[in-house]
Amino acid sequence: MRRKLAAGNWKMNGLAADLAEAQALAADHGAPGCDILICPPATLLSRMADTLGHAPIALGGQDCHAGAAGAHTGDVSAAMLADAGASHVILGHSERRADHAETDAAVRAKAAAAQAAGLVAVICLGETEADRDAGRTLEVIDRQLAGSLPGGATGANTVIAYEPVWAIGSGRTPTPDQIAEVHAFLRARLTDLMAAEGAAVRLLYGGSVKPGNAAEIFALPEVDGALVGGASLKAADFGAIITALEQA
Ligand code: 13P
């Protein structure tokens with residue numbers, strides 16, 4: 001049985017004052033019926049860990065370096081994220097693939113580093129609008145999955161997030177059929193690549209998930225939760241999405 005997961009990606013948003021949102025979320029979801037994850041900017045990780053104390057909310061980074069330590073100015077290692085209170089790390093987000101030219105091989109190396117540091121890797125993949133228009137969605141997803149998944153991946157140390165690039169921050173979402181098609185494809189490919197462990201990997205949908213569309217998305221087969229951007233910044237909105245997931 002896969003436990004549902006509601007994950008919030010704060011991206012490059014959040015100052016000390018915003019810790020109050022995490023605190024409000026913890027106050028409203030003291031015994032959640034699903035796993036909750038917040039990935040704040042790295043600068044807030046340890047303070048958010050202090051703020052949340054023993055609340056049942058996991059924390060994650062948004063990227064890590066593939067190396068364990070060394071001369072990499074501006075980078076953060078997986079062990080540093082763990083040291084700051086993270087148990088997860090988002091890897092291969094399309095914004096990093098686009099802004100920092102991250103390849104599948106780079107994402108795979110980072111995921112291996114995350115594994116070595118005991119972090120759960122939340123590996124993101126998704127097609128661009130041009131890919132979809134050209135009928136290449138499943139081909140792109142297949143290549144990204146096979147290229148980004150590290151050896152040693154299990155259901156316990158790996159989560160996959162399907163995030164169509166054109167749905168991120170746009171207010172547009174795929175149709176339920178389109179989401180279900182990609183998630184079914186991912187589940188089948190995970191089983192090919194990981195045998196029985198493939199059935200244990202949680203599959204999240206991400207891209208313009210809001211309180212208003214969450215229930216419809218969570219009702220789809222093979223959708224184990226969501227990776228939420230903008231709507232995760234406010235406790236009221238993220239809380240409503242969590243509630244929808246608990247009731248799915
Ligand atoms: P939005 O929910 O803002 O569309 O962002 C999705 C996302 O990129 C989460 O990683």
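Please treat every number below as a calculation from the coordinates, not as lab data. Just so you know, these numbers come straight off a predicted model, no measurement behind them. Glycine also receives a Cβ, built like all others from the backbone with ideal geometry; neighbour counts cover every protein chain displayed.
Using the Cβ-Cβ distance between Thr175 and Ala68 with R0 = 45 Å, the FRET efficiency computed as 1/(1 + (r/R0)^6) comes to roughly 0.55. Converting phi to 3J(HN,Hα) with the Karplus coefficients 6.51, -1.76 and 1.60 and the offset θ = phi - 60°, segment 211-223 yields x, x, 10, 4, 4, 5, 5, 5, 7, 6, x, 6, 9 Hz in sequence order, with x at every glycine or proline.
Go through Ala105, His93, Gly118 and say which Cα lies farthest out towards the positive end of the charge dipole of segment 90-140; charges sit on Cβ, +1 for Lys and Arg, -1 for Asp and Glu. The residue sitting farthest along the positive end of the dipole is Gly118.
Dipole magnitude for the chain: computed about the Cα centre from +1 point charges on Lys and Arg Cβ and -1 point charges on Asp and Glu Cβ, it is near 260 debye. Once C-alpha pairs closer than 8 Å and six or more residues apart are averaged by separation and normalised to the residue number of the chain, the relative contact order reads 21 percent. Sorting 180-186, 111-117 by average packing, meaning the other beta carbons within 10 Å per residue, from highest down gives 111-117, 180-186. When each of the peptides 223-232, 148-157 is scored by the mean number of other C-beta atoms lying within 10 Å of its residues, the order from highest to lowest reads 223-232, 148-157.
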